[in-house]
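Values quoted throughout were computed directly from the atomic coordinates according to the rules given, and no laboratory measurement underlies them. Nothing here was measured: the structure is a model prediction, and the numbers come from that model. Because the Cβ atoms are built from the backbone with ideal geometry, glycine has one as well, and the counts that use them run over all protein chains shown.
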Amino acid sequence: MARTIKQRDINLLTALDRSRKKTGTNIGTKIAVILSLLVVVCALAAVGVYYYLQIAELSSQRDDAFLYINDATTQQKLRDADIASADATEMELLANAIKDTIPFLDTYPKLTGDTYKDLYTLAGTTVKITNIGYDWNTGVLTFDGRCTTATRVPIFIATLRMSKQFKDVTYQGYEGKDEVTEGKLIENEDGSTTQTYITTRYYDFRVLCLMFAPGETPGETTGSAITQ
């Protein structure tokens, strides 16, 4: 009987030892699981913090961009940029228009410095030429003239026509005008002074001269081809 009880005690000790080992294994497993969970939680927390900081940085940059765009100086720069862009576009269109026009310029009558020189040479000292204008589309040179002698006007017109410098010369008469200017200041015997005046009569007229187009040969003019 005693032998049997002893054997059972030995069996209890073995079972207790096994129970302790099994319990220790379970605790270790639980600790490992807990540590793993902690690592995962920390990793997720780190990722969350990272993205939070990124979002905060982007939000700050967005606010700075909003303030910059709405700043008065920036708005003025944007307006200036729009104006500059519009000017650049307009300049480009103008450049293209000029480029397209260049081939046609050779078909227009030529006006050079020699034309003005010849005109003043023909006028001489008795005809004063003013208000010279030129229409590139029609090739008509326009100017006003003034003489102090009425007979000098038709002589000058005839000189222009006979010069063969112009294809056509149109003249529609002159207009006489009196201009009064101050003369000498005369001192009287009583010490006072008298202002004298000089009246000069001028004869004003306008002339339209049609230039020769490239390739045309200068010839005798008729004075009637220009449309008013």
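Sorted ascending by nearby beta carbons within 10 Å, beginning with the fewest, 170, 112 become 112, 170. Each Lys or Arg adds one and each Asp or Glu takes one away; over the other residues whose Cβ falls under 14 Å from the Cβ of residue 196, this sums to -1.
Net charge in the neighbourhood of residue 205 (other residues with Cβ under 15 Å of its Cβ; Lys, Arg +1, Asp, Glu -1) is +4. Each peptide in 171-183, 142-154 receives the mean, over its residues, of other Cβ atoms within 10 Å, and ordering these scores from highest gives 142-154, 171-183.
Using C-alpha pairs under 8 Å with a sequence gap of at least 6, the mean separation divided by the residue count of segment 113-161 gives a relative contact order of 34 percent. Ordering 153, 180, 141 by Cα displacement along the dipole of segment 113-210 toward the positive end leaves 141 in first place; charges were set at the Cβ atoms of Lys, Arg (+1) and Asp, Glu (-1).
Rounded to 0.05, the FRET efficiency of the residue 83 and residue 62 pair, given R0 = 22 Å and the Cβ-Cβ distance, is 0.20. Gyration tensor over the Cα atoms of segment 113-210: the corresponding equivalent ellipsoid has semi-axes (square roots of 5 times the eigenvalues, largest first) of 38, 13, 12 Å.
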